[in-house]
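Please treat every number below as a calculation from the coordinates, not as lab data. Small disclaimer: the values here were computed from a predicted structure and weren't measured. Cβ placement follows ideal geometry from the backbone for every residue including glycine, while neighbour counts extend to all protein chains displayed.
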Amino acid sequence: MSRPRLTKLASPLYVEIALPLPLRRTFTYRLGEGIRETVQLGARITVPFGNRQLTGFAVEFYDELPSDSELKDSQLKDTIELIDEEPLITEEILRLTQWTSDYYLASWGEVLKASLPAGIDPSAENHVKPKRRKNVTLVEGEDPGRFTAQQKRAIDVLRAHGGEMLFAALQDAGPVGGATINSLEKRRIVRIEVVEVLRDPLVHATIPDIQNLTLSADQQTVLGAIESAIEAGEYKAFLLHGVTGSGKTEVYIRAMKKTLAAGRSAMMLVPEIALTPVFARKLRGVFGTELAILHSNLSPGERFDEWRRIHKGRARVVIGTRSAVFAPLENIGLIVVDEEHDSSYRQHEYPFYHARDVAVIRANMAGAAIVLGSATPAMETYYNASRGKYEYLSMPTRIGKRAMASTEIIDMRDVFKLAGKDVAFSPRLLEAIEETHAKSEQSIILLNRRGFSQFVLCRSCGETLRCKNCDITLTYHKRESRLVCHYCDYRVAVPEICPFCKSEYLYFVGEGTEQIETILNKRFPHLKIARIDRDTMTRRRELEKLLLAFSRREIDMLVGTQMLAKGHDFPNVTLVGVVSVDLGLGLPDLRAAERTFQLLTQVSGRAGRGELPGKVLIQTYYPEHYAIRHAREQDYAGFYAEEIRYRERLGYPPFFSLATILVHHKDQQRAETMAKTIRTLLDAANTDRSIRITGPAPASIARLKGEQRLQILIRATNRRKLREMLD
């Protein structure tokens, strides 16, 4: 793929178009007469493609066809229509998306499309348009006539609001009728015009008062290093390794303020929508309307308006989730990636990318500082810091020298022996919950599994009820009395008898968050308990409401999945109970131990963040596992030393680069044939004995959404050689 030419030719004859198709190439077209003079790089252009018309992106111009081109002018088709006179894609985003598509072997056009907010495509049914409203401006000419009572009221209200209001707002505030306002316009007392109104996602939010905090010695040292990089105006990457409660957020905010004072802009990425309302309110209090927010929980209109504010330079600070890394922010001086270890930064649908790594490249291109912050850094990030690729910054103690929460491991094997059966809660955890709330303190209970029961088992024939589209068991959701697939959303009513043997002995196995909530409500009816997981957060802003209510102590206990483990700061939480982590340890994933350690360490950090000491109770059937042992001690260095030995011995990252080729098709035979063909081609292209190829083999979920899935794994000590072979 050629590099984009980032200078506009006077009147180019040809254009290279990146189309949003799963093809790793661009297409050459002849520019139409009316387009040549105005088209710019990054503009969207409608072009013919086969018997269709598609909208793609202009990524390069030519005065003449390249000498190595196999095409002739007579073979080229003309462009049809220029969509954008002012391109939506900036030159920086053009370069960034090209790097992303090359690095992740994705379609450039697909990455460009993914960089724009949903609903911006004019050909789509849900295309978002600017919001427009009537505005009323007080003119007060020399009309000598009398005014009616309603007309006088309208004029008085307008004066009280500085002489300008929205038409509807004046009607409500008066209250006055529309006819009254129109009559004032006829007399030239007011002027009515249609204006564009921005949809502000924080318009109804309560913005907290921002206090001037005194930085700790650790915070001052870390901030000084980051500010020096900002002042230098050159690329520099930092790993900020700070324990939970050490004050990383305050460092981020001050570094962003320094960046704005230097005349540049700042970006902050967070892994989950759950974190965005908390940070967004705080940052709005600091940066006012210079802050823009980007995440998928906004309405299409809000997301569209926030993106346009960034694009027009009206916002210089952006906070958002994964896709915000492509925000059209100009002159970036600082990028912060909070909780950089989190798997939510990885895009698991096409086009694939990892937002943390894309952010590092964007900072490099912009000559900006980037801060990767975490209490539990990703293995690869810590490894890069240990080798000098990133500068290591440490904040090893909590603000005010507050102690970390004490952690206790509960061996559920002993609990099973005493109870004679599996139970969700140990007596020790139930006792701790009672003690905590007797002192008017709050608690968080975590189980990283949704639903009421993990699966349904027939005790007569041993069969489990599985999804018809995916190779997984269905999860029982009691509240809606449905069995649900958490991958394809297939839903079916709970059967009264086994569909295989017609037995009535159906057994619901394994607790989910819904069942945990039910058990706790029965055991502690005097407590107000709320559940936070993907099932309860279906309504917009429901999560934000619950978190704010919990922070105001209107809720005693939160029950939920890993959404509760990240970044939240509730000073009155003194107990965290982890019902089970064993499921995560058993996953066929090279990062299973790392993610378990991170989850336990992060959720433990929610306890004892205020003046009161915290306590963490972890229930497990595998207390000897090194991830659990080191999490109990909050010992990242100990975990890293043990895990890195496994990675090196087994040939896993960061010592090896891995690539997975996933082959999927509805027909099993077609999928197998394609996978075998690809393996044959890979073997032929592999001239380096250090590159190992395994497979094809069934993927961890062999059937998903009605398609059979096979995977081929490629492992290499050198990423460049791996790329060369794949290309």
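Would you mind counting up the charge near VAL578? Only other residues with Cβ under 14 Å from its Cβ, with Lys and Arg at +1 and Asp and Glu at -1.
+2
Take the alpha carbon atoms of the stretch 548-582, find their center, do the same for the stretch 226-263, and report the distance between the two centers in whole angstrom.
After rounding, the separation between the Cα centres reads 28 Å.
Kindly state, as a whole number, the per residue volume in cubic angstrom of the convex hull around the alpha carbon atoms of the stretch 468-530.
So the per-residue hull volume is 109 Å³.
What does the highest-first list of 288-299, 422-433 look like by mean Cβ count within 10 Å?
For the peptides 288-299, 422-433, the packing ranking is 288-299, 422-433.
Cα atoms only, the stretch 406-562: Rg and Dmax in Å?
17.6, 52
In Å and on Cα atoms, what radius of gyration and Dmax does the stretch 423-501 show?
Values for the stretch 423-501 (Cα only, Rg and Dmax): 17.1, 52 Å.
Which whole-percent values make up P(r) of the chain when all C-alpha to C-alpha distances are grouped in 10 Å steps starting at zero?
Over the chain, the share of Cα pairs per 10 Å bin runs 2, 12, 19, 23, 21, 13, 7, 3, 1, 0 percent.
Stick to the Cα atoms of the stretch 208-344, pair each with every other, and give me the Kirkwood hydrodynamic radius in Å at one decimal.
Across the stretch 208-344, the inverse of the average 1/r is 15.3 Å.
Please sort 551-564, 623-636, 491-504 by packing, taking for each peptide the average over its residues of neighbouring beta carbons within 10 angstrom, highest first.
Result, highest mean Cβ count within 10 Å first: 551-564, 623-636, 491-504.
Would you mind computing the Rg to Rh ratio of the stretch 317-458 from its alpha-carbon coordinates, Kirkwood style for Rh?
1.10
Which value in Å does the Kirkwood hydrodynamic radius of the stretch 208-253 take, with 1/r averaged over all unlike C-alpha pairs and then inverted?
Its Kirkwood hydrodynamic radius stands at 11.8 Å.
Report, largest value first, the span of the C-alpha coordinates of the stretch 640-724 along each principal axis, in whole Å.
Rounded to whole Å, the extents work out to 44, 30, 15 Å.
Taking the highest mean first, how do the peptides 680-692, 585-597 order by number of other beta carbon atoms within 10 angstrom per residue?
The densest-packed peptide leads the list: 585-597, 680-692.
So what is the 222 nm mean residue ellipticity for the chain from helices alone, if each DSSP H run of at least 4 adds -39500 (n - 2.57) and you divide by all residues, rounding to the nearest 500 deg cm²/dmol?
Result for the chain, helices only: -9500 deg cm²/dmol.
When the Kirkwood hydrodynamic radius is evaluated over all pairs of different C-alpha atoms of the stretch 479-608, what value in angstrom, to one decimal, is obtained?
Computed over the stretch 479-608, the radius equals 17.2 Å.
For ARG346, which sequence-distant residues (separation of 5 or more, or a different chain) have an amide H within less than 5 Å of its own amide H, given hydrogens modelled in the peptide plane?
Distant-sequence amide H within range of ARG346: ALA355.
Mind listing the Cα extents of the stretch 566-671 along all three principal axes, in Å, largest one first?
61, 34, 26
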